[in-house]
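Each remark here refers to the structure printed beneath this line.
Every read-out reported here was derived from the displayed coordinates using simple, explicitly stated rules and does not represent laboratory data. Worth saying up front: this structure is predicted, and the values here are computed from it rather than measured.
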Amino acid sequence: MKLMLRRDQKSGLMGMGNVSFTLAVRADLSNQELNNIKKYKLGKTVLYSRGEVSEPGKGLLGLASRVAFKMMNITVSVDDLVDGKHVEFKDIMEMLAVIEQIKEAAQNFKGVLEAAAHFGGEEVIEF
């Protein structure tokens, strides 16, 4: 598995306004890794989420707050890595922090894929 990251920035309309930062993230996966993702139904696994709703609320107001949160929240799932995902940030520091967390999550997920590759077989570890 290779993690592909592309960082860009864009200015507001006609060079005015605030600069925003974009991150494109995608994984280059082997056929075996893709097959294991499908076989073990790992596609919906969330690797990164900026936040969680602590109090979802009730009724129409609760629904509105959950919809607004979902629109502002950043999540990256295994399917997002497979298909590629673009995320926009207003702050470069937040983008850099998210990149580090996505790298760590991808490294951990690589361990999951390696374990999945050895199910049903024998693994020999030399010391």
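Listing for the model above:
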read-out	value
Under-5 Å amide H pairs with Ala27, H placed in peptide plane, nonlocal only	Met4, Val82, Gly84
Computed over the stretch 1-46: relative contact order in percent, which uses C-alpha pairs under 8 Å that are six or more apart	37 percent
